[in-house]
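Remarks on the structure that follows.
A short reminder: the numbers here are calculations on the coordinates, not readings from a lab. All figures in this text were calculated on a predicted structure; none of them were measured in a lab. Cβ coordinates were reconstructed from backbone atoms using ideal geometry, including for glycine residues, and neighbour counts include every protein chain displayed.
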Amino acid sequence: MKRLCVVPCGKLKIWYRNPNAGPTRAREVYIGNFAKTCIEYAEKFYPKSYVILSAKHGFLFPDEFIPEDYNVTFNDPKTNPISVDELREQAKKKGLMKYNEIVVVAGSKYVNIVKKVFKGTKIIAPLKGLGGIRSMISAMKKAINEGRKL
């Protein structure tokens, strides 16, 4: 069984704290609590098979570099987020279509986008039904501390 974990990007990025950071690896760019916890969860349970889904850059491997700050969100079409078709093309090019299951450690917006990209693939949403961001963060932290996947 080949599983890919998809985690969200976040509004708060490294350049907010350090405007001179320059190009930075994707795993180190997103510094908000939720995005950081999702990445920590993915690194604990899916260290060799996770990607970060960015509204601007699409699927990013953890060590891919993001050149500079940006403010694009799936929640606002005016920011021109990447389309489902572009994501599907990118997933093919990056070899992400080989997975039997996709675990989306993110909110429902991301789960719905991933479902459209990976049609016909089993999608698992371990944070579903946990309520708000605080509940999701504490569930992930507990899972990380106990070494037990959600």
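Points to keep in mind about this one:
- Prolate/oblate/rounded call for region 105-150, Cα gyration tensor, a/c under 1.5 rounded: oblate
- In summary, no helical segment of the chain meets the span-like criteria, namely a full DSSP H run, a Cα extent along the axis of 27 angstrom or more and a mean Kyte-Doolittle hydropathy of at least -0.5.
- Cα gyration tensor category, rounded, prolate or oblate, for region 67-108 with a/c compared to 1.5: prolate
- Each other residue within a Cβ distance under 15 Å of LYS2 adds +1 if Lys or Arg and -1 if Asp or Glu, for a net charge of +4.
- Rounded to the nearest 20 debye, dipole of the chain from Cβ charges on Lys, Arg, Asp, Glu: 560
- Charge tally around TYR16: other residues with Cβ under 15 Å, Lys/Arg +1 each, Asp/Glu -1 each, net +1.
- The chain: C-alpha gyration tensor shape, a/c 1.5 cut-off, then a/b vs b/c: rounded
- Residue-wise HN-Hα coupling along region 15-21, computed from phi with Karplus coefficients 6.51, -1.76, 1.60 (Hz; x: Gly, Pro): 5, 5, 7, 9, x, 9, 4
- Surrounding net charge for ILE82, when Lys and Arg each add one and Asp and Glu each subtract one, Cβ distance under 15 Å: +3
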